[in-house]
Amino acid sequence: MASKAPGRVHRKGITLMELAARFPDEGAARKWFEAQLWPAERCCGHCGSGRTTEASHKTMPYWCSDCRSYFSVKTGTALAASNVKLRKWVWAIYLELTSLKGVSSMKLHRDIGVSQKTAWFMLHRIREAFTRPGDAFSGPVEVDETYMGGREKNRPKGKRAGVKGGTGGKTAVIAAKDRKTRQEAASLPGPCRGDRPVAGGDLNHVEKAPVRSPAEP
């Protein structure tokens, strides 16, 4: 008698045993997260710069030479401001994504050994990370840029960028607005990870829309 095919609820993926073997410790989880976030080169989670080095900080293993800040693979992501071990985040993501209707915070707190409040926090962060972006701009779209930051000479010597000119050491901000829907978005261009959304969504929404400057009709 032929064996029955997988049912309609069947999902192909790694098993619990395979997951446990792939992530035996915190170091393995950290390497996996870093490979997902930084496939080409390590970038600062604060400013997006690629000028980073390893550091001896207890919880922030990397140092950015541009914004002079410590950071980790959690910085600037949905995992930021969390003391939960990365290995537990791996298991939480797996359980949430492989459950047909998601996993409850009560079950997650029992499965990975955290409080129910922490499990609730983790699930909201995971769902936030996998939320799809909003609808694309239809256009016409107004696009403009500005540079934020004070004068270079007024900064402490340790934080000066050493770049002369009107935009030296300042942060560029690019903004877009859909004239029809009045939808807005603003991003900080980063040299490593591309644009980092700071308001209203991602500038990728305007890729296929006709673009105008604010002065154009």
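The values are calculated or read from the model by the stated rules, or taken from the named source; none is laboratory data. Worth saying up front: this structure is predicted, and the values here are computed from it rather than measured. Neighbour counts are summed over all protein chains in view; Cβ atoms, including those assigned to glycine, are modelled from backbone coordinates with ideal geometry.
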Contact list, first residue from segment 158-187 and among the hydroxyl-bearing types (Ser, Thr, Tyr), second anywhere and modelled with pLDDT of 65 or more and loosely packed, with under 13 Cβ neighbours inside 10 Å, beta-carbon distance below 9 Å, six or more apart or interchain, is Thr167/Tyr147; Thr171/Tyr147; Thr171/Met148
If we keep only residues of segment 120-136 that are in contact with a helix residue (DSSP H, G or I) (Cβ under 8 Å, 6 or more places away or on another chain) and in a helix (DSSP H, G or I), then the residue surrounded by the most Cβ atoms within 10 Å (Cβ to Cβ) is Met122
When segment 79-90 is checked residue by residue, the ones that are farther than 17 Å from Ala35 by Cβ and either in contact with an Asp or Glu (Cβ under 7 Å, 6 or more places away or on another chain) or surrounded by fewer than 18 Cβ atoms within 10 Å (Cβ to Cβ) (or both) are Ala80, Ala81, Ser82, Asn83, Val84, Lys85
**Prompt:** Can you find even one residue in segment 98-106 that is out of contact with any Phe, Trp or Tyr (no Cβ under 8 Å at 6 or more places or on another chain), in contact (Cβ under 8 Å) with a residue 24 or more places away in the chain, crowded, with 17+ Cβ neighbours inside 10 Å and not polar (S, T, N, Q)?
**Reply:** no
When Thr52 is run through (1) in contact with a Lys or Arg (Cβ under 7 Å, 6 or more places away or on another chain); (2) surrounded by fewer than 19 Cβ atoms within 10 Å (Cβ to Cβ); (3) modelled with pLDDT of 90 or more, the failure sits at (2)
Only one of (1) surrounded by 11 or more Cβ atoms within 10 Å (Cβ to Cβ); (2) at pLDDT 90 or above does not apply to Lys117, and that is (1)
